[in-house]
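Enquirer: Pasting a structure below so you can have a look.
The values are calculated or read from the model by the stated rules, or taken from the named source; none is laboratory data. Computed from a predicted model, the values in this text were never measured in an experiment. Glycine also receives a Cβ, built like all others from the backbone with ideal geometry; neighbour counts cover every protein chain displayed. Please note that ligands, DNA and RNA were not included when accessible areas were found on the heavy atoms of the full protein model with its side chains. Shrake-Rupley method; radii C 1.70, N 1.55, O 1.52, S 1.80 Å.
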Amino acid sequence: RYTDYVKKLLETVNDSDIIEEDEKEQKYSEYTKDDFLSDVYMTDESYKNLIRLLDNKKNIILQGAPGVGKTYIAKRLAYSIIGEKNVERVNMVQFHQSYSYEDFIMGFRPNSTGFELKTGVFYNFCKEAEKDDEKNKYFFIIDEINRGNLSKIFGELFMLIENDKRNTSVQLIYNNEKFSVPKNVHIIGMMNTADRSLAMLDYALRRRFAFFDITPGFDTDGFKAYRDTIEN
């Protein structure tokens, strides 16, 4: 019985070693500019303009009518720049009226004994990007960016997200920590131009973003090819 137990134990160890090796060799699937253009009904020139805007400002807002494909485009744009479908370097949130600085950066949250200071999604994302090589680009995607109270959500980060203010530190209000937004973090926001019931973007934030209009791609080669395949 003891011998059988040892054999089973050794088999388990060997199997776990194999799994570990497999995980090390596993890579994200490649995703190129050509993949993007085949997935998204956008011209090559529009894609180049989009990349130039993002490189120049580091923050961009895709605006257009509901259902035109802004969310679909945002993730694939990030993957095409990274060169692979690396989900660890892309994060996405959706703003709404109740979204706050405490959700985004940090704040006190209730626990079993009272309250504790917890960090938010953008804070954690920036810390992960900070650990990585500056050449590796990270993309933080914000859906419905104009639905949130932007002054309340971004707080003192208004200054930090500017291209020329990256790696500049300011003191956070909750724990007096010096915090900066790394140069390799890019922000992609989406907003519906048809949503007239909501307040327009804060001008202080507006000048820190480039705006790109997403229009229906009925005249693109990709859509024409798709239309031909369904004969409609």
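Enquirer: Considering only the stretch 108-146, state which residues are at positive phi and over 15 Å from the mean Cα position of the chain (by Cα). Before the answer, list the steps.
Expert: Here is the first cut: in the stretch 108-146, the ones at positive phi are 114, 144.
GLY114 - this is the single residue of the stretch 108-146 that is at positive phi and over 15 Å from the mean Cα position of the chain (by Cα).
Enquirer: For the stretch 167-181, name all the residues that are out of contact with any Gly (no Cβ under 9 Å at 6 or more places or on another chain) and open to solvent by 10 Å² or more (accessible area, probe 1.4 Å).
Expert: Start the filter on the stretch 167-181 by keeping residues that are out of contact with any Gly (no Cβ under 9 Å at 6 or more places or on another chain), which leaves 167-171, 175-181.
Within the stretch 167-181, ASN167, THR168, SER169, VAL170, GLN171, ASN175, ASN176, GLU177, LYS178, SER180 meet the criteria.
Enquirer: Hey, among the residues in the stretch 159-187 that are among the hydrophobic types (A, V, I, L, M, F, W, C) and in a loop (DSSP other than H, G, I, E, B), which one's modelled with the lowest pLDDT? Lay out the reasoning, then the answer.
Expert: At the first step, the residues of the stretch 159-187 found to be among the hydrophobic types (A, V, I, L, M, F, W, C) are 159-161, 170, 172-173, 179, 181, 185, 187.
Narrowing further to those that are in a loop (DSSP other than H, G, I, E, B): 161, 172-173, 181.
On the way: ILE161: 92, LEU172: 90, ILE173: 86, VAL181: 95.
Only one residue tops the list, namely ILE173.
Enquirer: Another question about this same structure. Criterion first (under 19 Å from the mean Cα position of the chain (by Cα) and assigned to a loop (DSSP other than H, G, I, E, B)) does TYR28 satisfy it?
Expert: Details: under 19 Å from the mean Cα position of the chain (by Cα): yes; assigned to a loop (DSSP other than H, G, I, E, B): yes.
Spelling it out, TYR28 is indeed under 19 Å from the mean Cα position of the chain (by Cα) and assigned to a loop (DSSP other than H, G, I, E, B).
Enquirer: Out of all the residues in the stretch 198-215, is one or more of a type outside the set (A, V, I, L, M, F, W, C) and assigned to a helix (DSSP H, G or I)?
Expert: In the first step, residues of the stretch 198-215 are kept if they are of a type outside the set (A, V, I, L, M, F, W, C); the result is 202-203, 206-208, 213, 215.
Those left that are additionally assigned to a helix (DSSP H, G or I): 203, 206.
Yes: the stretch 198-215 contains one or more residues that are of a type outside the set (A, V, I, L, M, F, W, C) and assigned to a helix (DSSP H, G or I).
Enquirer: May I pose another question? Within the stretch 84-130, which residues are among the charged types (D, E, K, R) and in contact with a Ser or Thr (Cβ under 7 Å, 6 or more places away or on another chain)? So that I can check it myself, show each step before the final result.
Expert: So the first thing to find is which residues in the stretch 84-130 are among the charged types (D, E, K, R), and the list is 84-85, 88-89, 102-103, 109, 116, 118, 127-128, 130.
Correct list: GLU84, LYS85.
Enquirer: Sticking with this one: What do you reckon, is PHE104 of a type in the set (Phe, Trp, Tyr), within 19 Å of ILE61 (Cβ to Cβ) and either touching a His at 6+ places or on another chain (Cβ under 7 Å) or open to solvent by 30 Å² or more (accessible area, probe 1.4 Å) (or both)?
Expert: Details: of a type in the set (Phe, Trp, Tyr): yes; within 19 Å of ILE61 (Cβ to Cβ): yes; either touching a His at 6+ places or on another chain (Cβ under 7 Å) or open to solvent by 30 Å² or more (accessible area, probe 1.4 Å) (or both): no.
When the stated conditions are applied, PHE104 does not pass them.
Enquirer: Of everything in the stretch 107-127, what is assigned to a strand (DSSP E or B) and open to solvent by less than 30 Å² (accessible area, probe 1.4 Å)? Give them in sequence order. Spell out the reasoning first.
Expert: Initially, the stretch 107-127 is screened for residues assigned to a strand (DSSP E or B), giving 107-110, 115-119.
Matches in the stretch 107-127: GLY107 only.
Enquirer: A follow-up question, please. Scan PHE95, PHE158 and give me the residue that is crowded, with 21+ Cβ neighbours inside 10 Å and touching a helix residue (DSSP H, G or I) at 6+ places or on another chain (Cβ under 6 Å).
Expert: On the way: PHE158 fails: crowded, with 21+ Cβ neighbours inside 10 Å.
None of the other options fit; the residue is PHE95.
Enquirer: Please specify each residue of the stretch 45-70 satisfying the condition of being over 22 Å from ASN136 (Cα atoms) and open to solvent by less than 60 Å² (accessible area, probe 1.4 Å).
Expert: At the first step, the residues of the stretch 45-70 found to be over 22 Å from ASN136 (Cα atoms) are 45-46, 62-70.
Of everything in the stretch 45-70, those that are over 22 Å from ASN136 (Cα atoms) and open to solvent by less than 60 Å² (accessible area, probe 1.4 Å) turn out to be SER46, LEU62, GLN63, GLY64, ALA65, VAL68, GLY69, LYS70.
Enquirer: Here is a follow-up. With the checklist (1) of a type outside the set (D, E, K, R); (2) modelled with pLDDT under 95; (3) over 19 Å from ARG208 (Cβ atoms); (4) in contact with a helix residue (DSSP H, G or I) (Cβ under 8 Å, 6 or more places away or on another chain) in hand, flag the one item LEU117 doesn't pass.
Expert: (4)
Enquirer: Which of the residues spanning the stretch 128-155 are surrounded by 15 or more Cβ atoms within 10 Å (Cβ to Cβ) and part of a loop (DSSP other than H, G, I, E, B)?
Expert: LYS137, GLU144, GLY148, ASN149, GLY155, listed by residue number.
Enquirer: Checking SER80 against (1) open to solvent by 50 Å² or more (accessible area, probe 1.4 Å); (2) more than 21 Å from ILE145 (Cα to Cα); (3) modelled with pLDDT of 95 or more: exactly one of these is not met. Which one?
Expert: Among (1) open to solvent by 50 Å² or more (accessible area, probe 1.4 Å); (2) more than 21 Å from ILE145 (Cα to Cα); (3) modelled with pLDDT of 95 or more, SER80 violates only (1).
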